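Undergrad: Just dropping this structure here.
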Amino acid sequence: MPRFDLYKTFSTTGEVLKQLSLFNPLTIRKKGTRVKAIFSLALVCFFWGTSWIASRQGVRFMPALQMAGIRQTIAGLCFVIFFISRGHSLPRGKEWITVIILSFLNFTLSNGLSTWGLKFVSAGLGSIMGSMFPLWLVVIGLFLSGTRIPARAIGGLLLGFAGICIIFYDHLDDFLKPEFRFGLLISLIATFTWALGTLYTKKKAISYNPYFSLGLQMLLSGFFLTLFTQLTNSSNVQAAVPFLSIPWQSWLAIAYLVIFGSVVSFVAYLFALQNLPTTQVSLYAYVNPVVAVLLGWLLFHEEMTVFIAIGGAVVLCGVFLVNKAFRGLPVPEQPEAEGI
């Protein structure tokens, strides 16, 4: 190889390595806000993908809503104790309204129902349903703003719907099962309420420390879900099991979900949401199903069919088109987080 070409090759390789070094986790704290936000988004992409697997395994051995309630209570306590120990005050007056609304949308409904849905559908299928979140985000935003829907966005929505039809072609017999239909329904509702919560978070995050608010939301929702499972203990669907009778598999899943699915991921998600456009943050929905489907197939032998693979790819292409139609949004101002 000529000397000039060799130098050019090394120079190009050096530039690539230099770009990758921006996301070195050991030096990320020294980087700018945008690099930190992109790194945070990468954490969300991976850990929320694995959360589908952990939740699916956990609900095999205990009621889903009870597991979600325990997870949220423990994670919420971690946040609340941390901030109170640092002298942060609780919300006052109308600030509680935002906390309560987000607690209901993001955790009681979205996390609670999506966890419950995994009782009836696979982690891969549940995550693909969750990937519809950006579609809801755009549709809700358009209805609220009254903006005309671009042709590319309409095409993306239709493509996403076509992908869902392809996926469920392989599950036509399952639609005869009431529990399968119920699992899909509550998974769809969970995705819709998560989109509502995301838009509301974007609008209200500046009114109160969003990280402390996150812990309070989890704690309130965890208390409600735990109370609900205890009050409905006679129900065959969500009958709570005694704490001492919860098997180690579920406790292991809860521990993983608290540390990586709640504390790490939600802090990263909020930071990314504050410093990147909403549509860019919603890109995590492309990666989550890939992580969930592949890990579910590799580790737990969940079903992987041609229809799921092709349909999932079509859904993600549709989501991509919708996001591409609405790119170019300005980066929002970063809320004051009172020094986390």
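Undergrad: For Leu227, are the conditions met, namely being out of contact with any Asp or Glu (no Cβ under 7 Å at 6 or more places or on another chain), open to solvent by 70 Å² or more (accessible area, probe 1.4 Å) and part of a helix (DSSP H, G or I)?
TA: Taking the combined requirement at face value, the residue satisfies it.
Undergrad: Select, from Ala240, Ala285, Ala205, Ala292, the only residue that is at pLDDT 80 or above and at negative phi.
TA: It is Ala292.
Undergrad: While we're looking at this one, here's another question. Quick one: would you say Val291 is within 15 Å of Phe47 (Cα to Cα), open to solvent by 10 Å² or more (accessible area, probe 1.4 Å) and in contact (Cβ under 8 Å) with a residue 12 or more places away in the chain?
TA: Taking the combined requirement at face value, the residue satisfies it.
Undergrad: If you don't mind, there's one more thing I want to ask. Of all residues being closer than 20 Å to His301 by Cα and open to solvent by less than 10 Å² (accessible area, probe 1.4 Å) in region 108-124, which is nearest to the chain's Cα centre (by Cα)? Just the residue, please.
TA: Thr115
Undergrad: Right, next: So, in region 167-191, how many residues would count as being aromatic (Phe, Trp, Tyr) and without any contact (Cβ under 8 Å) to a residue 24 or more places away in the chain?
TA: Count: 1.
Undergrad: If you don't mind, there's one more thing I want to ask. Hey, can you tell me all the residues within region 263-285 that are touching a Cys at 6+ places or on another chain (Cβ under 8 Å) and in a helix (DSSP H, G or I)?
TA: Listed by number, the residues that qualify are Val263, Tyr284.
Undergrad: Looking at Phe143, Phe47, which is the one that is buried (at least 23 other Cβ atoms within 10 Å of the Cβ), among the hydrophobic types (A, V, I, L, M, F, W, C) and assigned to a helix (DSSP H, G or I)?
TA: When all the criteria are applied, what remains is Phe47.
Undergrad: Related question: Answer yes or no: is there a residue in region 295-305 that is in a helix (DSSP H, G or I) and without any contact (Cβ under 8 Å) to a residue 40 or more places away in the chain.
TA: Within region 295-305, one or more residues are in a helix (DSSP H, G or I) and without any contact (Cβ under 8 Å) to a residue 40 or more places away in the chain.
Undergrad: Just to be sure, is Ser89 surrounded by fewer than 18 Cβ atoms within 10 Å (Cβ to Cβ), more than 18 Å from Phe266 (Cβ to Cβ) and at pLDDT 90 or above?
TA: no
Undergrad: To continue, here is another question. Trp116 - would you say it is under 16 Å from Gly215 (Cβ atoms) and either of a type in the set (A, V, I, L, M, F, W, C) or outside any helix (DSSP H, G or I) (or both)?
TA: No, not satisfied.
Undergrad: List the number of the failed condition for Phe182; all other conditions in (1) crowded, with 17+ Cβ neighbours inside 10 Å; (2) modelled with pLDDT of 80 or more; (3) out of contact with any Ser or Thr (no Cβ under 9 Å at 6 or more places or on another chain) hold.
TA: Every listed condition holds for Phe182 apart from (1).
The values are calculated or read from the model by the stated rules, or taken from the named source; none is laboratory data. All values derive from a computational prediction rather than experimental measurement. Please note: Cβ atoms are built from the backbone with ideal geometry, for glycine as well, and neighbour counts cover all protein chains shown. Ligands, DNA and RNA are stripped out before the accessible areas are found, and what is left, the full protein with its side chains, is counted by its heavy atoms. Shrake-Rupley method; radii C 1.70, N 1.55, O 1.52, S 1.80 Å.
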